[in-house]
Amino acid sequence: MRDQWTRLSDQQLLNQCSVDTYRASGPGGQKRNKTSSAVRLRHGPSGLIVIAEESRSQHENKARALRRLRKQLFLKIRQPFPPEDPAAVELLESLRSRNWKLRPKEADFWPTVGICLDALAVHEGRLREAAVALGTSTARLVELLASEPKVWEQANHLRRQFGHKPLKAAD
C-alpha cells in the first residue's frame, strides 16, 4: 500500500486526508495569531497525522505537511520484502552501483529508507541478515540508517519490537 500512496500526486494524496487548519501558538506576534495558517493532515488509509505550522502561509504549511506525510509513510508503514515493485528493485540496483552512498536531501533517500526498514522488519531487527538481503554490508546499512535521526530512531524502534538492544550512535 505504501508505494501506491507515495506515488500519488500531492492533490491525490491530499484527497485521502482530512485537513484541519488552526491558529498556531507560540512566537510570531500578532500577525501569526490572526490567521489560521497551521495545517494538520490526517491520512485516513494509514492513520498517520502530521502538522506544519512554521509559516504564516497556509499554502506553504500544507505543502510542508504533505512532504512530512510522505516521509512518515516511508518511516512507519512496512511492506513485504524483497520488493516486488520493479521501481523498488531498480532503486536498490542503483544504490548498489553507487556503493550505498545516499544523502537525506536526495530524492531516492526516503524510498530507499522504506525498503531498508522493510528488510530490517522482515529479518526481525537483525542487521546482518537485513544487510545481506539488501546486498550490502552491515556497516553500509548502519551508515545509511544513521544518516538521518528519524531513520535511526525508527530502526531502533523495530529492533526493540523484536527484543534486540538499540543501536548505539557513532560518536
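Tell me, rounded to the nearest percent, the portion of alpha carbon pairs in the stretch 86-161 spaced more than 14 Å apart.
Tail of P(r) above 14 Å: 56 percent of Cα pairs.
Roughly how tilted is helix 109-122, in degrees to the nearest 10 and between 0 and 90, from the longest Cα axis of the chain?
That helix lies at roughly 60 degrees to the long axis.
To test your reading of the geometry: what angle, between 0 and 90 degrees and rounded to tens, separates the Cα axis of helix 58-76 from the longest principal axis of the chain?
Helix 58-76 and the main axis of the chain meet at about 20 degrees.
Cross-link list Lys105/Lys150; Lys62/Lys101; Lys105/Lys165; Lys105/Lys168; Lys71/Lys168; Lys76/Lys101: which exceed 21 angstrom alpha carbon to alpha carbon?
Over 21 Å Cα-Cα: Lys62/Lys101; Lys105/Lys165; Lys105/Lys168; Lys71/Lys168; Lys76/Lys101.
Would you give the gap between the C-alpha center of the stretch 46-109 and the C-alpha center of the stretch 131-148, rounded to a whole Å?
A separation of 17 Å, based on Cα centres.
Based on Cβ point charges of +1 for Lys and Arg and -1 for Asp and Glu, what charge dipole magnitude is obtained for the chain about its Cα centre, in debye rounded to the nearest 20?
740 debye
So how much slack lies between Arg68 and Glu54, counting 0.36 nm per residue of separation and subtracting their Cα-Cα distance, in nm?
Here the answer is 3.8 nm.
Multiply the residue separation of Ser137 and Lys165 by 0.36 nm, subtract the distance between their alpha-carbon atoms, and state the gained length in nm to one decimal.
8.1 nm
Cα extents of the chain along the three principal axes, largest first, in whole Å?
54, 37, 30
Bear in mind these aren't lab numbers, they're just calculated from the coordinates by the rules spelled out. Remember, it's a predicted structure, so these values are computed and weren't measured experimentally. Using ideal geometry, Cβ is built from the backbone for each residue, glycine included, and neighbour counts are taken over all protein chains shown.
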